[in-house]
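Enquirer: One structure, as structure tokens, below. Some questions next.
The values are calculated or read from the model by the stated rules, or taken from the named source; none is laboratory data. Please read these numbers as outputs of a predicted model, since none were measured by experiment. Reconstructed Cβ throughout: ideal geometry from the backbone, glycine too, with neighbour counts over all protein chains shown. Ligands, DNA and RNA are stripped out before the accessible areas are found, and what is left, the full protein with its side chains, is counted by its heavy atoms. Shrake-Rupley method; radii C 1.70, N 1.55, O 1.52, S 1.80 Å.
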Amino acid sequence: MSDQPVLQVINLSFRYHSRPDIAIEQISFDLQPGEMLLVAGASGCGKTTLARCINGLIPRSYHGDRSGSVLVKGREVSQMSLVEVAQQVGTLLQDPERQIVSSYVVGEIAFGLENLGLPREEIYRRMDEVFDRLNLNHLRERETFTLSGGEKQKVALAGVLVMRPAVLLLDEPLASLDPASAHEAIQIFRSLADEGTAIILIEHRVEDALQARPDRLLYMENGRMCYLGAVDTFPKELNYHAVKLPAPWVVQRVMQEKKPSLMTVLPQPANPQAEKLVSFKNVSFAYGDGPEVLHNINLDIRQGDLIAVLGPNGAGKSTLVKHAIGLLKPTRGEVLIKGVDSREQSVAQIARSIGYVFQSPTHMLFAPTVREEVAFGPENLKFDKQDIQRNVTESLSVVNLVGMEGYPPLGLSFGQQKRTTIAAVLAMRSEIMVLDEPTAGQDYANYTRFMDMLCRAQDGEGRSLLTANFKATLFITHDLDLAVTYANRILLISEGRLVADGSPESVLRDFTLLESCRVRPTSLLRMNLELLPKTGHFLPAEALAPYFSDAYSKSNHSISAGL
């Protein structure tokens with residue numbers, strides 16, 4: 001590494017004009033060429049504000065009171081033009097929908113280079129390099145609107161890498177990627193750092209991010225630095241209730257604290273004899289004249305199901321659930337919703353039974369305020385005013401947005417936008433809740449809060465009757481631990497086919513099958529499988545601690561082996 005920092009953040013503070021509280025306060029660190037800094041912390045802790053100060057969006061696009069300095073190669077960012085900053089700091093946003101501007105993948109990758117006026121030969125040479133590096137040649141001629149969320153994330157990353165920035169600023173780059181793609185991206189980040197690129201990796205998926213072997217960790221709470229240092233051990237400053245950490249770390253911390261484990265409400269096993277809510281019968285589907293993307297799908301969604309849909313990017317997971325809500329109709333076969341063919345029902349009719357939260361919140365948000373956004377659905381369904389008010393209030397409480405009712409949804413952070421869309425669907429009181437990547441942009445505390453309410457709410461236990469209303473919940477996710485913790489049934493989709501359908505304990509023990517579907521086992525899954533004879537159920541990491549004896553924890557088993 002060079003002795004000269006490529007990035008210097010000195011006593012940086014910022015307060016948005018639109019908000020009363022300070023967003024970040026007295027942040028200081030240097031970043032050397034080839035150094036990777038992992039930035040972690042709960043939603044709202046100031047990570048994104050820090051990123052905006054580094055890439056120049058503050059003070060240009062976001063206004064407020066800024067003090068301190070941000071220097072890139074010795075130059076103050078606020079004094080540089082955005083074109084100058086963009087050539088030195090490459091930014092990958094949380095939501096690729098906000099970053100992709102071209103109709104075709106090849107045009108998207110070339111866009112930045114063309115704006116720099118580089119010769120055609122240089123543009124093609126750089127593009128070939130990044131297509132090969134990210135293994136994206138199969139997407140080269142695709143239209144960007146046809147890509148899955150994970151594929152869009154890869155294309156957005158390619159558009160940044162082709163610019164060869166000195167500092168690579170990654171804001172939750174793994175959020176839309178399947179586990180195997182996330183692992184591949186992590187290896188690319190590591191190789192870029194080894195080649196001299198300075199990297200800031202902002203990520204909620206800390207266990208995955210640790211595989212990149214970051215040089216240091218910056219942990220933030222309430223806009224302040226709580227820890228800046230090595231990550232070879234579990235720093236005591238990290239709050240495992242706020243940030244999702246590797247299961248062995250959490251178990252060790254709980255055992256050290258000697259606190260009783262919180263009672264966990266376990267999901268009831270799926271009942272194959274329960275009422276059928278949605279049925280897929282020999283369903284195949286193709287977009288227009290293109291190839292089939294779903295092949296002969298047969299499955300029933302029944303009352304009491306808590307279904308996690310797993311599989312690689314582009315496998316057809318979102319296409320599958322869009323059939324359940326009537327947005328798509330089968331090319332062959334039929335989808336029955338409460339016994340009626342989806343072709344005979346409008347999307348509005350189906351919405352009374354099934355609520356759907358899109359992967360990208362920008363596909364749903366349009367209202368001027370959060371309150372109006374959440375009230376829109378129940379108003380269209382002709383709920384009475386009292387029920388609308390109660391549903392809006394309760395839904396915003398479930399997703400931790402109380403106090404933000406008057407904010408414009410599109411002015412919120414990506415994670416807050418996602419929770420707004422969840423609240424909007426909650427308020428409609430549909431019988432089935434369908435969520436596409438519910439944890440994207442969410443810290444551990446927020447997503448466990450609303451997932452607990454969605455999947456574990458029970459009448460008579462002081463929990464929300466609003467969420468207890470659901471007869472079934474289905475969520476598409478690349479977060480395997482979400483499936484381990486909340487699902488009572490797993491659907492594994494690969495290349496448009498349903499390759500597994502069963503209980504988490506049965507499907508998730510087949511590592512060969514998982515890896516063939518680009519699902520990588522996590523420390524929480526491994527620990528649960530190891531302890532299953534004792535527990536009888538899959539449990540969150542905190543609830544596993546009582547099952548470890550002192551002798552066991554001192555052995556060479558997974559808890560002391562860490563990752």
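Enquirer: Filter the stretch 538-554 for residues that are assigned to a loop (DSSP other than H, G, I, E, B) and either exposed (fewer than 15 other Cβ atoms within 10 Å of the Cβ) or among the β-branched types (Val, Ile, Thr) (or both); which is modelled with the lowest pLDDT?
Expert: Filtering the stretch 538-554 down to residues assigned to a loop (DSSP other than H, G, I, E, B) leaves 538-540, 548-549, 554.
Narrowing further to those that are either exposed (fewer than 15 other Cβ atoms within 10 Å of the Cβ) or among the β-branched types (Val, Ile, Thr) (or both): 549, 554.
Numbers: SER549: 61, LYS554: 46.
Once the filter is applied, the top-ranked residue is LYS554.
Enquirer: Right, another one. Would you point out the residue of the stretch 410-435, among those that are under 11 Å from the mean Cα position of the chain (by Cα) and buried (at least 24 other Cβ atoms within 10 Å of the Cβ), that is farthest from GLN389 (Cα to Cα)? Break it down into steps so the answer makes sense when it comes.
Expert: Let us first name the residues in the stretch 410-435 that are under 11 Å from the mean Cα position of the chain (by Cα), namely 414-415, 418.
Among the residues that remain, those that are also buried (at least 24 other Cβ atoms within 10 Å of the Cβ) are: 415, 418.
On the way: GLY415: 24, LYS418: 21 Å.
Out of the qualifying residues, it is GLY415.
Enquirer: May I pose another question? Hey, can you tell me all the residues within the stretch 395-439 that are in contact with a His (Cβ under 9 Å, 6 or more places away or on another chain) and assigned to a loop (DSSP other than H, G, I, E, B)?
Expert: To start, the set of residues in the stretch 395-439 that are in contact with a His (Cβ under 9 Å, 6 or more places away or on another chain) comprises 415, 421, 437, 439.
Those that are in contact with a His (Cβ under 9 Å, 6 or more places away or on another chain) and assigned to a loop (DSSP other than H, G, I, E, B): GLU437, THR439.
Enquirer: Just the residues that are within 19 Å of GLY314 (Cβ to Cβ) and out of contact with any strand residue (DSSP E or B) (no Cβ under 7 Å at 6 or more places or on another chain), please, taken from the stretch 481-508.
Expert: Residues satisfying the conditions are SER494, GLU495.
Enquirer: Here's a follow-up. All but one of (1) over 30 Å from ILE202 (Cβ atoms); (2) open to solvent by less than 70 Å² (accessible area, probe 1.4 Å); (3) acidic (Asp, Glu) hold for GLU379; which doesn't?
Expert: In the conditions (1) over 30 Å from ILE202 (Cβ atoms); (2) open to solvent by less than 70 Å² (accessible area, probe 1.4 Å); (3) acidic (Asp, Glu), GLU379 misses (2) alone.
Enquirer: Any chance you could count how many residues in the stretch 235-254 are crowded, with 18+ Cβ neighbours inside 10 Å and either aliphatic (A, V, I, L, M) or over 20 Å from the mean Cα position of the chain (by Cα) (or both)? Spell out how you get there, then give the answer.
Expert: Let us first name the residues in the stretch 235-254 that are crowded, with 18+ Cβ neighbours inside 10 Å, namely 238, 240, 242-254.
Applying the additional criterion that residues be either aliphatic (A, V, I, L, M) or over 20 Å from the mean Cα position of the chain (by Cα) (or both) yields 238, 242-243, 245, 247-254.
Counting residues in the stretch 235-254 that are crowded, with 18+ Cβ neighbours inside 10 Å and either aliphatic (A, V, I, L, M) or over 20 Å from the mean Cα position of the chain (by Cα) (or both) gives 12.
Enquirer: List the number of the failed condition for LEU157; all other conditions in (1) farther than 30 Å from TYR287 by Cα; (2) in contact (Cβ under 8 Å) with a residue 60 or more places away in the chain; (3) buried (at least 22 other Cβ atoms within 10 Å of the Cβ) hold.
Expert: Evaluating LEU157 over (1) farther than 30 Å from TYR287 by Cα; (2) in contact (Cβ under 8 Å) with a residue 60 or more places away in the chain; (3) buried (at least 22 other Cβ atoms within 10 Å of the Cβ) leaves (1) as the failure.
Enquirer: Only one of these is without any contact (Cβ under 8 Å) to a residue 60 or more places away in the chain and more than 18 Å from TYR227 (Cα to Cα): ARG98, ARG120. Name it.
Expert: ARG120
Enquirer: Mind checking which residues of the stretch 12-22 are within 30 Å of ARG190 (Cα to Cα) and not polar (S, T, N, Q)?
Expert: Within the stretch 12-22, the first condition is being within 30 Å of ARG190 (Cα to Cα), and the residues that meet it are 12-13.
Passing the criteria: only LEU12.
Enquirer: What about ARG343, is it open to solvent by 70 Å² or more (accessible area, probe 1.4 Å), closer than 23 Å to LEU474 by Cα and touching a residue at least 12 places away in the same chain (Cβ under 8 Å)? Break it down stepwise before answering.
Expert: Values: open to solvent by 70 Å² or more (accessible area, probe 1.4 Å): yes; closer than 23 Å to LEU474 by Cα: yes; touching a residue at least 12 places away in the same chain (Cβ under 8 Å): yes.
Judged against the criteria, ARG343 is a match.
Enquirer: Among what's in the stretch 359-376 and is part of a helix (DSSP H, G or I) and open to solvent by 80 Å² or more (accessible area, probe 1.4 Å), pick the residue that is modelled with the lowest pLDDT. Break it down into steps so the answer makes sense when it comes.
Expert: Residues of the stretch 359-376 part of a helix (DSSP H, G or I): 361-363, 370-376.
Within this subset, residues satisfying the condition of being open to solvent by 80 Å² or more (accessible area, probe 1.4 Å) are 363, 371-372, 376.
On the way: HIS363: 84, ARG371: 96, GLU372: 96, PHE376: 95.
Filtering first and then ranking leaves HIS363.
Enquirer: Given the condition under 25 Å from the mean Cα position of the chain (by Cα) and open to solvent by 60 Å² or more (accessible area, probe 1.4 Å), answer yes or no: does some residue in the stretch 313-334 qualify?
Expert: Among the residues of the stretch 313-334, at least one is under 25 Å from the mean Cα position of the chain (by Cα) and open to solvent by 60 Å² or more (accessible area, probe 1.4 Å), which makes the answer yes.
Enquirer: Does the stretch 70-80 contain any residue that is in contact with a helix residue (DSSP H, G or I) (Cβ under 8 Å, 6 or more places away or on another chain), modelled with pLDDT of 90 or more and of a type in the set (S, T, N, Q)?
Expert: Yes, the conditions are met somewhere in the stretch 70-80.
Enquirer: Moving to a separate point now. What's the total number of residues in the stretch 293-304 that are over 16 Å from GLY496 (Cβ atoms) and either surrounded by fewer than 23 Cβ atoms within 10 Å (Cβ to Cβ) or touching a Cys at 6+ places or on another chain (Cβ under 7 Å) (or both)? Before you say what the answer is, go through the steps one by one.
Expert: Quick first cut of the stretch 293-304, residues over 16 Å from GLY496 (Cβ atoms) only: 300-304.
From what is left, the residues that are either surrounded by fewer than 23 Cβ atoms within 10 Å (Cβ to Cβ) or touching a Cys at 6+ places or on another chain (Cβ under 7 Å) (or both) are 300, 302-304.
Qualifying residue count for the region: 4.
Enquirer: Could you tell me whether ASP232 is open to solvent by 70 Å² or more (accessible area, probe 1.4 Å), closer than 30 Å to VAL70 by Cα and at pLDDT below 90?
Expert: Working: open to solvent by 70 Å² or more (accessible area, probe 1.4 Å): yes; closer than 30 Å to VAL70 by Cα: yes; at pLDDT below 90: yes.
Here the answer is yes, as ASP232 does meet what is asked.
Enquirer: Here's another thing I want to ask about it. Any residue in the stretch 277-292 that's on the phi < 0 side of the Ramachandran plot and open to solvent by less than 60 Å² (accessible area, probe 1.4 Å): show its pairings with residues that are among the basic types (Lys, Arg) and assigned to a strand (DSSP E or B) at Cβ separation under 6 Å, as long as the two are six or more apart or on different chains.
Expert: SER284/ARG332
Enquirer: Go over the candidates LEU93, LEU118, LEU139, LEU147 one by one and state the one that is of a type in the set (A, V, I, L, M) and at pLDDT below 85.
Expert: Values: LEU118 fails: at pLDDT below 85; LEU139 fails: at pLDDT below 85; LEU147 fails: at pLDDT below 85.
Step by step, each of LEU93, LEU118, LEU139, LEU147 is checked, and only LEU93 is of a type in the set (A, V, I, L, M) and at pLDDT below 85.
Enquirer: So which of ILE388, ILE422 is closer than 16 Å to GLY441 by Cα, of a type in the set (Val, Ile, Thr) and modelled with pLDDT of 90 or more? Steps first, please.
Expert: Working: ILE388 fails: closer than 16 Å to GLY441 by Cα.
The unique qualifying residue is ILE422.
Enquirer: Just checking, how many residues over the stretch 86-136 are of a type in the set (Lys, Arg) and under 28 Å from ASP436 (Cα atoms)? Even if it seems obvious, please write down each step before you answer.
Expert: Step one: list which residues in the stretch 86-136 are of a type in the set (Lys, Arg), which gives 98, 120, 125-126, 133.
With under 28 Å from ASP436 (Cα atoms) added as a condition, the list becomes 98.
Selection size over the stretch 86-136: 1.
Enquirer: Further question: Being in a strand (DSSP E or B) and among the hydrophobic types (A, V, I, L, M, F, W, C) is the filter here, so list the residues in the stretch 112-171 that pass it. Quick ask: steps written out before the conclusion?
Expert: Within the stretch 112-171, the first condition is being in a strand (DSSP E or B), and the residues that meet it are 143, 167-171.
Result: VAL167, LEU168, LEU169, LEU170.
Enquirer: Condition (residue is part of a helix (DSSP H, G or I), under 18 Å from MET428 (Cα atoms) and among the acidic types (Asp, Glu)) applied to the stretch 341-349: is it met by at least one residue?
Expert: The first filter runs over the stretch 341-349 and keeps only residues part of a helix (DSSP H, G or I), leaving 342-344, 347-349.
Now narrow it down to the ones that are under 18 Å from MET428 (Cα atoms): 347-349.
From what is left, the residues that are among the acidic types (Asp, Glu) are none.
For the stretch 341-349, residues part of a helix (DSSP H, G or I), under 18 Å from MET428 (Cα atoms) and among the acidic types (Asp, Glu): absent.
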